[in-house]
Structure formats: structure tokens, C-alpha cells
1. Using the beta-carbon distance between Glu511 and Glu450 and R0 = 60 Å, what value does 1/(1 + (r/R0)^6) give for FRET efficiency, to the nearest 0.05?
2. Please identify every one of the trypsin sites (Lys or Arg not before Pro) in the stretch 100-173 that sits in a loop by DSSP and has no more than 15 other beta carbons within 10 Å of its own beta carbon.
3. Can you tell which of Ile429, Asn459, Ile518 lies farthest toward the positive end of the dipole of the stretch 417-563, using +1 and -1 charges on the Cβ of basic and acidic side chains (Lys, Arg; Asp, Glu)?
4. In terms of modelled amide H atoms, which long-range or inter-chain residues lie less than 5 Å from the amide H of Gly521?
5. List the GluC sites (Glu not before Pro) within the stretch 505-549 that fall in a DSSP loop (any state other than H, G, I, E or B) and whose Cβ has at most 14 other Cβ atoms within 10 Å.
6. Within a Cβ distance under 10 Å of Arg474, other residues only, what is the Lys/Arg minus Asp/Glu net charge?
7. Once the Cβ-Cβ distance between Ser17 and Ser363 is put in as r, and R0 is 35 Å, what FRET efficiency do you end up with, to the nearest 0.05?
8. Arranged by the count of other C-beta atoms within 10 angstrom, fewest first, what order do Leu317, Leu177 take?
Amino acid sequence: MEKKEELIENFKTAISSTLKSISNVDNLEVIFGNQNNNSDNKIVRLPDLESINNKINYAKTRALADSLALKIRHSNNRIFKSNEPQGSVSKKLYEIAEKIRCEKIGSDEFKGIKNNINNYYNERINNLDLDKNENKIFESFENYLRVNILQQKNEKNIDKLFKTSQKEFEKKFKNNLKVLNENLDNQSKFSSLVSGLIIDLDIDEKMDGQENLHDNKDPDENKAKPEDSDKKKESRENNEHKEMSVDPGIPNIEDEATEADADNEQEIEIENSHNSSENKKRKINDYGDKNYKAYTEEFDEVIKAEELETEDELNRLRNNLDQQLVQLKNFISKLANKLQRKLLAKQNRSWRFDLEEGLLDTSKLTRVIMDPFNSLSFKREKDIEFKDTLVTILIDNSGSMRGKPISVAAICADILSRTLERCSVKVEILGFTTKHWKGGSCREKWIQNEKPNFPGRLNDLRHIVYKSADTPWRQVKNNMGLMLKEGLLKENIDGEALKWAHGKMAKRKEERKILMVISDGAPVDDSTLSSNSTDYLEKNLKNVVRWIENKSNVELLAIGIGHDVTRYYKKAIKIADVQDLGDVMVNQLTDLFSDKKNNKKATIH
């Protein structure tokens, strides 16, 4: 008996550790069954193991733990809520789609997770009781997404079971599966599209219609008192909620975790953001500009630089960049060394001596040997002021940056990345442009729909990741050369680029976050501006900047090349010559790391 209990405890410990590791959140409290919660940490509740001793339920616990961990890691609650449809059935379908999205990301990364979830799902689906209509809808929808997104194969009897009920899903989702699969890493786009497709199903109205028909068959029931009918309705809704939360596949975190600890969950989702009270009020979909919209986001893309060109072409472009680096080698090296010295000086460790407790100071032991009445001396390391830091460099990849400006921007980003990496500062390099000149697929769709007035943004965004924060510079150094490619640089929609960059930073754990924007003027997109007000993009940029500066813990700095951008950013610098860019970038970062509270606008000539 003791051996069995010991095995169960070991299993619980292993599951808890795995869940914390996958979710990337340390302060999680994993509870089994009805075990009491005595912690202030985030709670995740799993089934009780002590009353279960067969393999199927151990598999269930593994699968549940993996699914929950992936949800915590990959799902932002605010984005989820901002796109959530109305109606209890629609909400449940939307929740299932988000669960599948997170499981797909995790399954691609961890083969063990894929096996755990697939094995348990296959076991569970063969033992289902689908008498209730709602359950069949949920199971049918989940199975459809598992087959078409998780690439899970059905047995013949399962295909036959869901064949009829999946016809409606097939009609709505078939033509959008490619877009959904391409945007699994972009929760905002994925959930927005899924929500729209679910709304188009009108499934709640159809269910209500069936309920009304059923109610009409029993007229005596309709004569009940109003209070009684309200109570029955409330009871029915509660029962439905319980049934849906228990068995639509692998359930999400239970009510205690999702409702009682909602604030904690939100803090996890934005990953240790310091302004948690302000983040609770934050609306991630508008960033302070409710009037701004995109006509459609289905043609936008976030893409890695290496996916836009062949390896040979990236090597050639990198060689071109290296040739330009040679001319600036001495100048850039001097600046890089200056910044490195400043950062390393901030990171130097120091000690406090002659303390009554701490680590024994062995250098003072001679005093005790010479005079035993001397007390022992202790030392303690001082707290390091240097914070764990992320620097994101967001570069305008518009056509007006062509030539020397984009070359210098690429060179400076490259040098800064190398320098900061040596000092244990994470660096992310991003670029923003559009896929087309004067609109693209987005504009074509607008024209096909008879050109409704004030359509919003009318071009297809292209946001490029040249270097992610966790990727070493040496692995992606060729990507910097892509900025020199002819035909890459097109229009610039700065406001949405800032939202994207800030959203990526908000998910990071670093204590200090610095966003440096390099641009050469106002946002411009002919397609958008010709169909909306002439200041449409400019207003959006101002609102987004104001939101980040006032309601975010990200420190925002802008550098304008040849143009004054101080009208948009509080902390902004104008340079007249692109040759000054490297000096300005290094000096500004040096000032920030020196904690100089200087928000004055500056101009360098």
C-alpha cells in the first residue's frame, strides 16, 4: 500500500514539474481532485489520482496537464476575450478552437506532448456518449479541427459518426483552413477569423429554435409561474455549463482557476508586466484608438526574414552589408566599445564587508588567529542594479528608406545586436512594410465588395522578424542583409507595427523593456489614405504612441532620419545625416542604461 502511495506522489511531483516547465510559469500551484488550496499562487486543478489506478486515467492526467500548460504559455486572455463571440454554444466552440491552436503549437515543439494528447483523445472518443445534441456539436467541431489542424487521423467508425454533423463546419471552414494554419502563432488573427466563422454558423439561434419547438410541444409547461421558469432556465444553463466544461475533449482550467483567480491569470498571460493594474484595464485590440480598423487582416503576414529569400541570396546580401561595414569599422567599433564598457560597469559585482552575518570573509581570518577575542567578519554581495533587459529595434522598411538610410540602419542594428548580446542583454530586430504598393489583396476584396465608405487600412501588412530575442546573432546574421534587397521596401503603417512590436515585448519576462523605433517620417500608404481621411494613419500612430508611453512599462525612443518625429514621440531625436545614426543609437542606449531621467526632445545636426 505504501508503495502505491509513493508511486502516486512521485507521479504527482513529475506532473507538477512538467506543467510548470512547459507553461514557463514557476508560481503555479498544481492541485489534484478536491485537495484544498492554501497558496496565493495561480491554481491548476487536475483529476484525483488516488481513486484511480488504471492506465487510461494516468494518460488522461498527462494529457490534461500538457494541454493546460500550453494554454497558459501560448494563450493571451485579453486577446481571447476581445474576439469572443456571443452565445453559450458559440463561446464553447471558440474555446475549443483556441485549445487546439495551443496544442498544435506545443505538439510541433514537443513530440511527447503530441503523443500524450493524441493517445488520450483517441481513447476518450471511442467511449463517448453523444446522446445530448450540444455534446455532439462540440465533439464534432473538436474532431474536425483535430483532423484539419492537428493532422490527427480518425478511425472509420469515428468518421462515420461525425460525417453528417461536420458538413456545416466544412462549408464555413474549408476555404479558411490554410489561413488558420498559417496564423497559429498569431493569436489575434487566428481568434478573429475563428470567431467570425463561428458567428456565421448562427449555431446559437438554431439551437434556440430547436428548444422553442420542443417547448411548444408541451403547452402546460409554459403556464408555469414566471419565477419558476426563470429558475428552470438558470438551472438548465448551469447544468449545460457544467456538462460543457467537463467533456468537450480536454477541458480548460477549472472554474477555480479561471474565475476566482482571473486577475492572476491575466498577469501570467502578459508575463510579469509591472503595470498590472493598468494592464487589467488595457484593451489590446485598439491601443487607445477605437476608430482605427483594418478592412481585413486575412492577407497580413508576420514572417521570418529567412523565409523571404533563399540561403544563397541572403549570403550575397550579407556580403554586401559586410563590405559597407568595412568602411565604418573603426567608427562603429569605438561606439560599440563605449556601450559595452558602460554595460559591463553596470553589471560589475561588489561586496559589503565587516558585517555580522553573511558569507565568512576568509581574508580577515588572520585577525582572529592573532587575537581570538576578535569577532569573525562576514561579507555579503550587493544587489546588482542592472536589470534583466530586452531591447527591441523596430526599423521602418518603407521605400523612402531605400539607399543609404536602410544600409546604415541595418549596420547599426547588426552591431548593437552583437554588442548587447555580449553583455547579456536580449535584442530583437524587427522590420515593417507592406506586401504591395497601393494596396493588394485587401484592396481587391474591398473593390469586389462595392467599395464601402471609410474602409480603414487597405493594404496587406508585412512584419518581418530579422532576429528574435532568444536567437543568437551568429545564427541569423545573414538576415540583416535582407534589408538591402530591391523590391522589399514599400509602404509604412507605423501604428500597427508599434502594436505588433509592443505585443511581442509584453509577452516577455525581462524586467526592463526598451523599444527603439527608426523611421524617416510619417506613416504613408496611398491605398489607405485615398479612401479614408488624410490623417487616418497619423492619428492612429499618435494614439498608439500615447498609449505605450502612458500605460505601458516599455520605454519608447524614436530616431527620425532626416525628418522630425518629435510630434509623435515624447522622447525623439532627429538626425540630419544618416552617418550620425550609429552614434545616436549607442548614446541613447548608454543614457537609458545610466538611468538618466531625460525625456527632453533633442536634435542632432
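1. FRET efficiency, Glu511 to Glu450: 0.70.
2. Counting only loop positions with at most 15 other Cβ atoms within 10 Å, the trypsin sites (Lys or Arg not before Pro) in the stretch 100-173 are Lys132, Lys153, Lys163.
3. Ile429
4. Close amide H contacts, sequence-distant or interchain: Ile561.
5. When the GluC sites (Glu not before Pro) of the stretch 505-549 are filtered for loop state and at most 14 Cβ neighbours within 10 Å, Glu511 remain.
6. With Lys, Arg at +1 and Asp, Glu at -1, the neighbours total +1.
7. On the way: r = 41 Å, r/R0 = 1.16.
Rounded to the nearest 0.05, the efficiency is 0.30.
8. In order of increasing Cβ crowding within 10 Å: Leu177, Leu317.
Where a number appears in this text, it was derived from the coordinates with a stated rule and is not lab data. Nothing here was measured: the structure is a model prediction, and the numbers come from that model. Glycine gets a Cβ as well: all are built from the backbone with ideal geometry, and neighbour counts include every protein chain shown.
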